[in-house]
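Let me begin by presenting the structure, written as structure tokens, before commenting on it.
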Amino acid sequence: MRNSIIVSVAALALLAGVSMFSLMRSRDAAAQSGGVYINAVDLDIAPGEMAKYVELIKENGAAAVKEPGCREFNISVLASNPNHVFLYEVYANEAALNAHRATDHFKKYQAATANMVTSRNVRAMTPIAFNSKAH
């Protein structure tokens, strides 16, 4: 009887340890992803419109990062195609992205660039890990 109690206690302790380890791993995974929502956008801009488009997207991005739910708004141009723009936007959640899309500055950007964008591919992404260091 005493041995079965010891085995039962040991099994419960092991189960508790495994459960605690699983919870810690889940918490660490959530910390890695930061519980964020990523909006990745590929855009092709009409030739001759790029200078004006860059001005407008920089204005929109600068305003976006002032929003409480926007963490990053990065703008890049494909090295092999100067008319291809890639936006990498990081928001606290999907609701924050939707709030961004409802702002006056986004609506202004969208209206002003509607005829400049010849192709758009928008992808929602889920982060696995963010790796960066201070500049």
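Taking the conditions exactly as written (at pLDDT below 95, over 16 Å from ALA46 (Cα atoms) and either over 18 Å from the mean Cα position of the chain (by Cα) or outside the structural domain of ALA46 (by TED's automatic domain parsing) (or both)), does HIS105 satisfy them or not?
Criteria not met by HIS105.
Could you check the stretch 39-95 and list, in sequence order, the residues that are surrounded by 18 or more Cβ atoms within 10 Å (Cβ to Cβ), of a type in the set (A, V, I, L, M), in contact with a Lys or Arg (Cβ under 9 Å, 6 or more places away or on another chain) and within 21 Å of ILE128 (Cα to Cα)?
Across the stretch 39-95, the qualifying residue is only VAL90.
Scan (1) modelled with pLDDT of 80 or more; (2) within 19 Å of the chain's Cα centre (by Cα); (3) assigned to a helix (DSSP H, G or I); (4) surrounded by fewer than 14 Cβ atoms within 10 Å (Cβ to Cβ) for the single condition GLN32 breaks and write down its number.
All conditions are met except number (1).
Assess whether MET125 counts as being of a type in the set (A, V, I, L, M, F, W, C) and touching a helix residue (DSSP H, G or I) at 6+ places or on another chain (Cβ under 6 Å). Spell out the reasoning first.
Working: of a type in the set (A, V, I, L, M, F, W, C): yes; touching a helix residue (DSSP H, G or I) at 6+ places or on another chain (Cβ under 6 Å): no.
So MET125 does not fit the description; no.
Only one of (1) under 17 Å from VAL41 (Cα atoms); (2) modelled with pLDDT under 95 is not met by ALA134, so which one is it?
Among (1) under 17 Å from VAL41 (Cα atoms); (2) modelled with pLDDT under 95, ALA134 violates only (1).
Looking for something under 20 Å from ASN121 (Cα atoms) and in contact with a Ser or Thr (Cβ under 6 Å, 6 or more places away or on another chain) - is there at least one such residue anywhere in the stretch 42-49?
Within the stretch 42-49 (the criterion being under 20 Å from ASN121 (Cα atoms) and in contact with a Ser or Thr (Cβ under 6 Å, 6 or more places away or on another chain)), the answer is yes, since at least one residue qualifies.
The values are calculated or read from the model by the stated rules, or taken from the named source; none is laboratory data. Please read all numbers here as calculations on a predicted model, not as lab measurements. Note that each Cβ is placed from the backbone with ideal geometry, even for glycine, and that neighbours are counted across all protein chains shown.
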